[in-house]
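**Q** My structure is below; once you've seen it, I'll send some questions.
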Amino acid sequence: MYRVAIDDERDVYMASSIGKKVAEEFGLDKIQQTKLVVSIMELARNIIYYAAKGEIFIIPVPNYGIEIVAIDQGPGIKEIEKVLKSEIRSKKGLGLGLSGVQRLMDEFEITSKENIGTRIRAVKWLNERQGNHH
Ligand SMILES: Nc1ncnc2c1ncn2[C@@H]1O[C@H](COP(=O)(O)OP(=O)(O)O)[C@@H](O)[C@H]1O
Ligand SMILES: [Mg+2]
């Protein structure tokens, strides 16, 4: 398990580099590697923009996938349903947004509480066809 403290753009790069390395080690193809890396970048940038700082955990789970957990003690996300429908977007970052991360990853969940913080968990499966995804 890798833990990256997220404070600035360098940390975004660090987290995404670790994600890429793990994805290569796990044998994901280039397309799946990219989906994982841009998702990590989006989650890390959101931490910087909206919560100032936080942490990203990159957890390789053998025979399953690569789990990403992004945690901060920021203001929390108020209207998660609207955010995931892309109705609330500031167009910061890559413009991918959390709805994009949800689309790119195979599992995705947000837990957030106002003035407590946000925890986002996402998984990129080793085998895209696991479960009944598609
Ligand atoms: N970690 C976070 N903490 C608090 N609010 C967040 C966080 N991540 C996202 N948000 C809120 O959700 C909205 C949508 O985020 P996102 O889908 O990444 O689009 P964008 O960053 O382009 O606005 C943001 O504008 C922000 O209000
Ligand atoms: Mg964003």
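**Q** Quick check for you: which residues of segment 28-42 have the amide N under 20 Å from the point 7 Å beyond the Cα of residue 17 toward its beta carbon?
**A** Only 33-42 fall inside the zone, counting backbone N under 20 Å.
**Q** In degrees between 0 and 90, to the nearest 10, how far off the longest principal axis of the chain does helix 9-25 point, with axes built from Cα atoms?
**A** Computed tilt is about 20 degrees.
**Q** Taking GluC sites (Glu not before Pro) as exposed when DSSP calls them loop (any state but H, G, I, E, B) and at most 11 other Cβ atoms lie within 10 Å, what is the longest stretch of the chain free of them, the sites themselves excluded?
**A** Values: sites that count: 79, 87, 114.
So the longest stretch without any such site is 1-78.
**Q** Continuing with the same structure: Obtain the nm distance between the two label points defined at residue 107 and residue 127 by a simple spin-label model: each point lies 7 Å from its Cα along the Cα-to-C-beta direction.
**A** Roughly 1.6 nm, to one decimal.
**Q** To continue, here is another question. For segment 2-125, build the convex hull from the C-alpha positions and give me its volume per residue in Å³.
**A** 88
**Q** Same structure, new question: Per the 1.4 Å probe, what fraction of the accessible area of the chain, in percent, lies on carbon and sulfur atoms?
**A** Carbon with sulfur: 51 percent of the solvent-accessible area.
**Q** How much accessible area per residue does the chain have, counting only protein heavy atoms and a probe of 1.4 Å, in square angstrom?
**A** Per-residue accessible area for the chain comes out at 56 Å².
The values are calculated or read from the model by the stated rules, or taken from the named source; none is laboratory data. All figures in this text were calculated on a predicted structure; none of them were measured in a lab. Because the Cβ atoms are built from the backbone with ideal geometry, glycine has one as well, and the counts that use them run over all protein chains shown. Each accessible area value is taken on the protein alone, full model and side chains, heavy atoms only, with ligands, DNA and RNA left out. Shrake-Rupley method; radii C 1.70, N 1.55, O 1.52, S 1.80 Å.
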